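See structure below.
The values are calculated or read from the model by the stated rules, or taken from the named source; none is laboratory data. Being a predicted model, the structure only gives us computed values, none of them experimental. For neighbour counting, all protein chains shown are included, and Cβ atoms are generated from backbone atoms with ideal geometry for every residue, glycine included. The area values use the complete protein model at the heavy-atom level, side chains included, leaving out ligands, DNA and RNA. Shrake-Rupley method; radii C 1.70, N 1.55, O 1.52, S 1.80 Å.
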Amino acid sequence: MNYAALVSAVSSYTENTFPTVDMNLFITQAEKRIYNTVQIPALRKNVTGITTASNKYLACPDDFLSSYSLAAIDPTTGAYTYLLNKDVNFIREAYPKPTTTGSPKFYALFGPAVASSVITTELTFLIGPTPDAAYSMELHYYYYPESIVTASTTWLGDNYDPALLYGTLVEAYTYMKGEVDMLGLYDGKYKEAMGQLKRLGDGLERQDAYRSGQARVPVT
């Protein structure tokens with residue numbers, strides 16, 4: 001289901017034509033509800049960056065929401081070392097002097113970078129100890145993929161559109177202040193679709209038959 005098909009379906013179900021700005025809001029709100037409920041592969045992204053010697057901070061990507069992993073790549077051997085995620089206070093306690101340098105072992109989400117009362121970077125990582133060289137850093141993180149509103153097609157629309165359709169219908173029918181029983185029907189369909197999507201994203205896609213055996217239903 002692409003964007004045009006989704007808009008057409010919502011209009012048909014509700015027997016209403018919504019202004020584009022409102023329809024787009026319904027869709028993006030539904031997408032965010034879905035993306036914060038099920039960890040589908042489309043929410044994962046990889047980027048690389050480089051630390052600066054004697055600089056304990058590393059900027060986060062603009063679309064960063066949370067991290068899956070952060071690895072430092074040794075500039076000489078190319079070996080990966082995965083950093084442990086800690087609180088800022090842990091790193092401050094472990095390395096009280098920022099001049100203490102070494103190969104990165106820990107990282108924490110520090111907060112915005114501010115210069116002259118202006119936020120220059122929304123989020124930064126604090127690295128411990130302070131890097132002693134320029135390390136390539138590979139970050140695997142959670143983000144919101146481009147909305148179907150602007151992309152026209154997305155993984156969610158192509159592979160499991162019931163969640164997107166009924167999620168958007170719940171938003172649209174709430175906006176219409178529609179009948180309670182119909183809103184309950186749409187919400188029930190949405191929750192049913194989300195249960196199936198969660199089985200896929202948080203279940204089947206995290207295992208295989210070799211490691212976990214084939215999915216099966218107990219026989220009584």
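Screening region 150-220 for helices (runs of 4 or more DSSP H) wholly inside it with 3 or more residues that are open to solvent by less than 60 Å² (accessible area, probe 1.4 Å) returns the ranges 161-176, 180-201. Within the option set Glu122, Glu146, Glu93, Glu138, being under 30 Å from Asn2 (Cα atoms) and either in contact (Cβ under 8 Å) with a residue 60 or more places away in the chain or surrounded by fewer than 17 Cβ atoms within 10 Å (Cβ to Cβ) (or both) holds for one residue only, Glu146.
Restricted to region 4-19, and to residues there that are open to solvent by less than 50 Å² (accessible area, probe 1.4 Å) and part of a helix (DSSP H, G or I), the residue that is farthest from Ser152 (Cα to Cα) is Thr14.
Looking only at residues that are among the aliphatic types (A, V, I, L, M) and more than 14 Å from Ile91 (Cβ to Cβ) in region 101-119, which one is least open to solvent (accessible area, probe 1.4 Å)? Looking at the filtered set, the residue picked out is Ala113. Condition check: of a type in the set (Asp, Glu), modelled with pLDDT of 95 or more and either within 28 Å of Phe110 (Cβ to Cβ) or open to solvent by less than 80 Å² (accessible area, probe 1.4 Å) (or both). Does Asp22 satisfy that? So Asp22 fits the description; yes.
If you go through region 25-43 and keep only what is open to solvent by 10 Å² or more (accessible area, probe 1.4 Å) and out of contact with any Phe, Trp or Tyr (no Cβ under 8 Å at 6 or more places or on another chain), you end up with Leu25, Thr28, Gln29, Arg33, Asn36, Thr37.
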